[in-house]
Amino acid sequence: MGYSAYLKPRQDAISEEGIEGIIDLANLKDESKTKIEARPDDFFQLTYPTTDVIKVLDEINVRFSSSKDSSGLFLFEGLKGSGKSHLLLIIYHLFKNHQIARGWLNENDLSCEVPRDAVVIINKFTDDPHDSIWNMIFDVLGSEAKKGKTHPKLAEFEKALGDKKVILIFDELEQGIKVIDDPALQAQNIAFLQMLSEFSNRSRQVTLFASIYSTQQEPGSTLKRVPRCVVQFDNAKDQSHIILHRLFENYKQFDRASILPVLESYVQLWNRHAPVDQEELKAKFNDTYPFSPSLMEIILKKIPARGGFQNVRGALAFLGNLIRLTHAENDIITPSDVSLEDKATTIMLKDLDLSGDLINRAKENMEDLLARVPMSRQMAPTVLLYTLTGVGADSGVSRENLIRDILSPATDINEIEQTLMGFQKYASYFHHQEGRYYFDLEENSEAKVEFKSLRYSDDQAREELYEILKADIFRETVNTAIFGSIEQTQELLKQFDKSRLRYILTGRRLTREERHQIYYGMDVRNMILLLEPKDDRFQIANDKDLLKWAKRCLAARDLAESTKDVSRQNDYNRIAGTDKRYVIERIKKAGLVFISWEKYGSSVAEDQVELEPLPGDLSKDKIRDMLNKDYFPMLRFKEHLEARLDQVKNRLVKEVDAEYRATLGFPIPLMASSISNAICDLCKQGIIGIQHTANNFCHVNPNLTETELFNAKITDPFEGPPKSEPCPKCGKFPCQCPKPPQKCPVCGQYPCQCEKPPEVCPKCGKDPCECPKKETFPIKIPYQNSIGSLRKETAFRLQDYEDSVITKVTYKIFLQKEKVGDLSTLPSGIRGSLSGEGDITAEIVISKTGTFSKSQIEQHIESLPVISEADFSVDMEVEVSK
């Protein structure tokens, strides 16, 4: 028994003209009443009470029938076709045609009391733009706004309003603001809307309903600051109900128990050949019947994710057309019921394939195989639909989904297997990879990459751009964040190693408010370096060329990994390298500036920053070296310390160091020893003294280890040790006069009376020697994938040997890369001036002998050459006294 026996399709759904899914508020002016918008009875019959609708009605009811606090601003946010205009029309008829609306409310067990005398002002700004929104409102209120340099004041509006209640219904509000050419007038309109929305939250006389595309742009970005009722049309179950109610006139009344045998039959059949959670699938099927759950997921989730079909509006048209094609015979509707021979279907599918090339290739394969394989008409559209709606690894369809979408009680599983084998063998554009089946175009490498790049979303492209920025341009992925939002950036900074510099690459110029918020509440915040583009118009996340090149990089790399053809791999790697080079050049051209904090105030208005330009080489090491040399040399730390000696004295060195790391506006200690070196120099010059249990120092460079120095106290200067005087006898320092005779430590006589003179230690003068013994043992740090990781691991391994010395250290850097698309992406130090494709293996070994402390080893590691994708290790010989 077909689904039409249970659900009755609406007449327009099965007509040749199809469903009109667009609600246009401009049609309210249709005096002939041929348009649905002007016929409230018919309109409400097609309206399903979704959770969003009920939410808005409840809020309106609270506003006008109780004294409870309620929002006077209703903001409907969504893309085209999501239902914004439909909801605005419901509100319009609720106030203008309340008796008709009441019948619909009662039918759906809803209630919503509204004032009958409200003045309703409705406008669709794409059809009826206004350069001054207030003039439109004042005209309806029978008043005239005073002409001035700004929008009307609130008092003037209240006077025009009088005791009236006004309902403002604004559709396409963003477009209404955009078309105002004068920036000042545009700002005045936004300010007026803000004034209205704020007033509506204080008074029930004004209620504003507005549809926008996004709160990320005006006027949404301003209105979102006001308390409001927000609707975003993101409930997938609601969307399903809307579609089914619009397509079937008895959807709300039909007996769902009657379809249970149909659902049971199909689910058991599918489970027999493609195992699935039967109870879960039946529950989903019960909600989507007569459409299969897989079809509804494609239509309501996958297609909108690709930016196609304009949400519910497009889904209605597509599924309505499927009903027209299947209502006479089908039990259910699945992706296999999409017809590539139906003109209306192929036109709508072009929303996902603008050129129509892939649709034509799939159709061509299907037509070629109609006489050869039994179920070509079902196989081709099913695979094509999944191909057009998939992204990345989700592209195409699995064998299990294919079976569930094609198999029915009237088909044979063997026919499906035979059809699948036939398509793999004979269909020239049909592909199978990693268990998934899909259509693809056979073109040259450039075209292949270009087409495949369309499957990547802007968000995926942005992630690729951020990775290139960090790894290939800035050449540091550790302790480096790409700014996305205040919350996300702060969370990353909290996870980073706070003992090292933390970097933020913004990709666009930040506002003063954003800069202030990033640092607000952060620990060790003077060690956070904020780097913004030098070009104040540059926006990495929205640059169309960058997004295009990034998508091509992703596509080329994916294609290179998926093919076994060496020549194709080389082509794809070459393309990836070229586009990556374009990305690097574009970002470098935008440049970087360092945000230098002069003062971090208690509010944004008190903040003082300077934008310091950085060199053309945007690598972390070059930037740090330049900042260390030009902006934060030791002299600057000395002068800064000297200017605040009264705040520094009688404090430990480590406390002062921590203060400089934490205080925005202080010079930034880019090197671990920046503060300690400046303090040592001040001590050497006699400006301060250093007090430690090991010794006190002034007028000399403190002879302390880094650990000892950090635990030393800064004091007032004092007289240093007397200058060394030469011996009055030999005239030398130290004295080189002959030593007085010493008695034998064994017999106690001089000269020694022992039969055999003892061999005493020349250092301690004892036999046997009682000098402390020293032992040397090796410590090996295995290869790490970054300098930061190597430094952390080395510091961890040496933490138990703070007082020991390292007598020999060997640093090793190893890089091995095969099939490099372009050698010019590697440092010139290891490739010379070579470019183009190639393989590279490089090993750098650096050895140093001497006596090194733990901190010196860490400084060595930070100074190693940065080579992307290389591995780093260190071997040490540690000397320990026992």
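The values are calculated or read from the model by the stated rules, or taken from the named source; none is laboratory data. What you are looking at is a predicted structure, and each value in this text was computed from that prediction instead of being measured. Backbone-built Cβ (ideal geometry, glycine too); neighbour counts: all protein chains shown. All accessible areas refer to the heavy atoms of the entire protein, side chains included, with ligands and DNA or RNA removed. Shrake-Rupley method; radii C 1.70, N 1.55, O 1.52, S 1.80 Å.
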Could you give every pair whose Cβ atoms fall below 9 Å, whose first residue belongs to segment 492-520 and is over 18 Å from ILE668 (Cα atoms), and whose second residue is surrounded by fewer than 21 Cβ atoms within 10 Å (Cβ to Cβ) and among the acidic types (Asp, Glu), counting only separations of at least 6 or pairs across chains?
-> LYS494/ASP523; THR506/GLU514; ARG508/ASP536; ARG509/ASP535; ARG509/ASP536; ARG512/ASP607
Scanning segment 2-22 residue by residue, the ones that are small (Gly, Ala, Ser), out of contact with any helix residue (DSSP H, G or I) (no Cβ under 8 Å at 6 or more places or on another chain) and part of a loop (DSSP other than H, G, I, E, B) total 1
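Just to confirm my filter: which helices (runs of 4 or more DSSP H) fall fully inside segment 299-379 and include at least 3 residues that are of a type outside the set (Val, Ile, Thr) and under 36 Å from the mean Cα position of the chain (by Cα)? Steps first, please.
Numbers: elements: 311-326, 343-349, 357-369.
Hits in segment 299-379: 311-326, 357-369.
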For residues in segment 259-283 being touching a helix residue (DSSP H, G or I) at 6+ places or on another chain (Cβ under 7 Å), touching a residue at least 60 places away in the same chain (Cβ under 8 Å) and assigned to a helix (DSSP H, G or I), which is surrounded by the most Cβ atoms within 10 Å (Cβ to Cβ)?
-> TRP270
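How many of the residues in segment 214-251 are hydroxyl-bearing (Ser, Thr, Tyr), part of a helix (DSSP H, G or I) and farther than 30 Å from TYR6 by Cβ? Before the answer, list the steps.
Step one: of segment 214-251, the residues hydroxyl-bearing (Ser, Thr, Tyr) are 214-215, 221-222, 240, 251.
Next, from what is left, pick out any that are part of a helix (DSSP H, G or I): 221-222, 240.
Now restrict to residues that are farther than 30 Å from TYR6 by Cβ: 221-222.
Residues flagged as hydroxyl-bearing (Ser, Thr, Tyr), part of a helix (DSSP H, G or I) and farther than 30 Å from TYR6 by Cβ within segment 214-251 amount to 2.
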Taking into account only those residues within segment 287-304 that are hydrophobic (A, V, I, L, M, F, W, C) and closer than 14 Å to LEU385 by Cα, which is most open to solvent (accessible area, probe 1.4 Å)?
-> LEU300
Every residue from segment 776-797 that is open to solvent by 40 Å² or more (accessible area, probe 1.4 Å), touching a residue at least 60 places away in the same chain (Cβ under 8 Å) and of a type in the set (D, E, K, R) = LYS780, LYS792
Single residue of SER376, SER398 found to be modelled with pLDDT of 90 or more, touching a Gly at 6+ places or on another chain (Cβ under 7 Å) and either of a type in the set (S, T, N, Q) or within 22 Å of ASN311 (Cβ to Cβ) (or both) = SER398
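Hey, can you tell me all the residues within segment 380-396 that are of a type in the set (A, V, I, L, M, F, W, C), in a helix (DSSP H, G or I) and more than 21 Å from LEU269 (Cα to Cα)? Full working, then the answer.
Within segment 380-396, the first condition is being of a type in the set (A, V, I, L, M, F, W, C), and the residues that meet it are 380, 383-385, 388, 391, 393.
Those left that are additionally in a helix (DSSP H, G or I): 380, 383-385, 388, 393.
Listed by number, the residues that qualify are ALA380, LEU384, LEU385, LEU388, ALA393.
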Please indicate, with yes or no, whether at least one residue in segment 489-496 is open to solvent by less than 20 Å² (accessible area, probe 1.4 Å) and aliphatic (A, V, I, L, M).
-> yes
Quick count over segment 519-541, residues being open to solvent by 40 Å² or more (accessible area, probe 1.4 Å), within 18 Å of GLU659 (Cβ to Cβ) and in a strand (DSSP E or B), is 0
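Could you please find all residues in segment 793-807 being over 19 Å from GLY850 (Cβ atoms) and in contact with an Asp or Glu (Cβ under 7 Å, 6 or more places away or on another chain)? Don't jump to the end; show me each part of the working.
The initial filter retains those residues of segment 793-807 that are over 19 Å from GLY850 (Cβ atoms), namely 793, 795-797, 799-800.
If the condition is that a residue be over 19 Å from GLY850 (Cβ atoms) and in contact with an Asp or Glu (Cβ under 7 Å, 6 or more places away or on another chain), then ALA795 is the only one that fits.
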Any hit, segment 90-103, residues being in contact with an Asp or Glu (Cβ under 8 Å, 6 or more places away or on another chain) and in a loop (DSSP other than H, G, I, E, B) = no
Evaluation of SER833 against (1) at pLDDT below 80; (2) buried (at least 18 other Cβ atoms within 10 Å of the Cβ); (3) among the hydroxyl-bearing types (Ser, Thr, Tyr) (one fails), failing number = (2)
Would you be able to tell me the number of residues in segment 397-430 that are in contact with a strand residue (DSSP E or B) (Cβ under 8 Å, 6 or more places away or on another chain), within 30 Å of SER265 (Cβ to Cβ) and not in a helix (DSSP H, G or I)?
-> 2
Run ASN250 past the list (1) farther than 23 Å from HIS93 by Cα; (2) open to solvent by less than 30 Å² (accessible area, probe 1.4 Å); (3) more than 26 Å from the chain's Cα centre (by Cα); (4) among the polar types (S, T, N, Q) and report the number of the one that doesn't hold.
-> (2)
Lone unmet requirement of (1) touching a helix residue (DSSP H, G or I) at 6+ places or on another chain (Cβ under 8 Å); (2) in contact (Cβ under 8 Å) with a residue 24 or more places away in the chain for GLY356 = (2)
Of a type in the set (S, T, N, Q), crowded, with 16+ Cβ neighbours inside 10 Å and within 28 Å of THR480 (Cα to Cα) - does that describe any residue in segment 798-808?
-> no
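Is there a residue being touching a Ser or Thr at 6+ places or on another chain (Cβ under 8 Å), free of Cβ contacts under 8 Å to residues at least 60 places away in the same chain and surrounded by 17 or more Cβ atoms within 10 Å (Cβ to Cβ) anywhere in segment 639-648? Steps first, answer last, please.
Step one: list which residues in segment 639-648 are touching a Ser or Thr at 6+ places or on another chain (Cβ under 8 Å), which gives none.
Looking for residues that are touching a Ser or Thr at 6+ places or on another chain (Cβ under 8 Å), free of Cβ contacts under 8 Å to residues at least 60 places away in the same chain and surrounded by 17 or more Cβ atoms within 10 Å (Cβ to Cβ), one finds none in segment 639-648, hence no.
Out of all the residues in segment 220-279, which are among the small types (Gly, Ala, Ser) and either closer than 29 Å to SER71 by Cβ or at pLDDT below 90 (or both)? So that I can check it myself, show each step before the final result.
Here is the first cut: in segment 220-279, the ones among the small types (Gly, Ala, Ser) are 220-221, 236, 240, 257-258, 265, 274.
Hits for segment 220-279 are GLY220, SER221, ALA236, SER240.
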Please work out which residue is farthest from the chain's Cα centre (by Cα), limiting yourself to segment 82-110 and to residues that are small (Gly, Ala, Ser) and surrounded by 19 or more Cβ atoms within 10 Å (Cβ to Cβ).
-> ALA101
In the set GLU77, GLU37, the lone residue that is buried (at least 19 other Cβ atoms within 10 Å of the Cβ), of a type in the set (Asp, Glu) and in contact with a strand residue (DSSP E or B) (Cβ under 7 Å, 6 or more places away or on another chain) is GLU77
Screening ALA590, ALA550, ALA560 for residues that are surrounded by 18 or more Cβ atoms within 10 Å (Cβ to Cβ), closer than 30 Å to HIS432 by Cβ and within 22 Å of the chain's Cα centre (by Cα) leaves only ALA550
Condition check for GLY521: more than 30 Å from ILE575 (Cα to Cα), touching a helix residue (DSSP H, G or I) at 6+ places or on another chain (Cβ under 9 Å) and of a type in the set (Gly, Ala, Ser) = yes
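Residue-wise test of (1) modelled with pLDDT under 85; (2) part of a helix (DSSP H, G or I).
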residue	(1), (2)
CYS771	yes, no
LYS792	yes, yes
ARG797	yes, yes
ILE806	no, no
ILE840	no, no
GLY850	no, no
ILE857	no, yes
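Scanning for something open to solvent by 60 Å² or more (accessible area, probe 1.4 Å), touching a residue at least 60 places away in the same chain (Cβ under 8 Å) and of a type in the set (A, V, I, L, M), does segment 113-132 turn up at least one residue? Reasoning before the result, please.
Pass one, segment 113-132, residues open to solvent by 60 Å² or more (accessible area, probe 1.4 Å): 113, 116-117, 126-127, 129, 131.
Now narrow it down to the ones that are touching a residue at least 60 places away in the same chain (Cβ under 8 Å): 127.
Now restrict to residues that are of a type in the set (A, V, I, L, M): none.
No.
Filter segment 136-170 for residues that are of a type in the set (Gly, Ala, Ser) and in a loop (DSSP other than H, G, I, E, B); which is least open to solvent (accessible area, probe 1.4 Å)? Working first, answer last.
Here is the first cut: in segment 136-170, the residues of a type in the set (Gly, Ala, Ser) are 142-143, 145, 148, 155, 160, 162.
From what is left, the residues that are in a loop (DSSP other than H, G, I, E, B) are 142-143, 145, 148, 162.
On the way: GLY142: 71, SER143: 44, ALA145: 11, GLY148: 61, GLY162: 41 Å².
Selected residue: ALA145.
Under 22 Å from PHE474 (Cα atoms), over 29 Å from the mean Cα position of the chain (by Cα), open to solvent by 20 Å² or more (accessible area, probe 1.4 Å) and modelled with pLDDT under 95, is that true of MET634? Explain how you work it out, then say what you get.
On the way: under 22 Å from PHE474 (Cα atoms): no; over 29 Å from the mean Cα position of the chain (by Cα): yes; open to solvent by 20 Å² or more (accessible area, probe 1.4 Å): yes; modelled with pLDDT under 95: yes.
For MET634, the condition - under 22 Å from PHE474 (Cα atoms), over 29 Å from the mean Cα position of the chain (by Cα), open to solvent by 20 Å² or more (accessible area, probe 1.4 Å) and modelled with pLDDT under 95 - is not met.
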